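Nothing in this text is a laboratory measurement; each read-out follows from the coordinates by a stated rule. Note that this is a predicted model, so its numbers are computed, not measured. Because the Cβ atoms are built from the backbone with ideal geometry, glycine has one as well, and the counts that use them run over all protein chains shown.
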Amino acid sequence: MEKTFLMVKPDGVQRGLIGEIISRFENKGYKLVSGKLMTVPRELAEQHYAEHKERPFFGELVDFITSGPVFAMIWEGEDVITTARQMMGKTKPSEAAPGTIRGDFGMTVGKNIIHGSDSPASAEREISLWFNKEEQSVYEKTIDAWVY
Ligand code: DAT
Ligand code: MG
């Protein structure tokens, strides 16, 4: 089954949205594999956002993501990478549809509440960057017989 890396950013943690965001993915039917509240070391933030290293907003982005605790998670389920991105909404909250996380709670592109892997390759890279194997729970949910 597919897995993705999702992270409630420091603004989402401060605004008390961890529970709301977890609920959305639980209610949809996905399985939580890992979750931890952590303050991000600068080096990890730079590695995580390495693809944006040359962008003018890179410094601000790293400052923001290291500015307070984030809630890092792994979620599992059918097509979770694509579907989680849809549930998050577009990067710019002004373009994110109502009903999406960014559409409902985000106000600016800089503070857009949540991160989610954008492809199978980035999901694999980000999961191994943020979590070791021992942190990833392997278990069955009996309700899955009614979800799938
Ligand atoms: P996403 O988070 O939707 O995958 P992205 O990978 O293009 O978007 O960018 C990563 C983050 O960088 C994004 O969530 C917010 C920030 N960002 C993107 N474009 C920006 C811009 N033009 N100005 C400021 N921050 C930006
Ligand atoms: Mg991205």
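With contacts taken as Cα pairs under 8 Å at a separation of at least 6 residues, the chain carries a relative contact order of 34 percent.
As a length-normalised measure over Cα pairs under 8 Å and 6 or more apart, the relative contact order of segment 1-87 settles at 54 percent.
Residue pairs exceeding 26 angstrom between C-alpha atoms, taken from Lys31/Lys133; Lys53/Lys133; Lys9/Lys133: Lys53/Lys133. Protection proxy ranking, highest mean first, for peptides 84-94, 4-14: 4-14, 84-94, where packing is the per-residue count of other beta-carbon atoms within 10 Å, averaged.
Sort largest first and round to whole Å: the equivalent ellipsoid semi-axes of segment 9-148, each the square root of five times a Cα gyration tensor eigenvalue.
Semi-axes from the Cα gyration tensor: 24, 19, 14 Å.
The listed peptides 116-125, 135-144, 41-50, ordered by packing as a protection proxy, come out as 116-125, 41-50, 135-144 (highest mean of other Cβ atoms within 10 Å first).
If the Kirkwood radius is taken over C-alpha pairs of segment 1-64, then at 10 °C and 1.306 mPa s the Stokes-Einstein diffusion coefficient equals 116 µm²/s.
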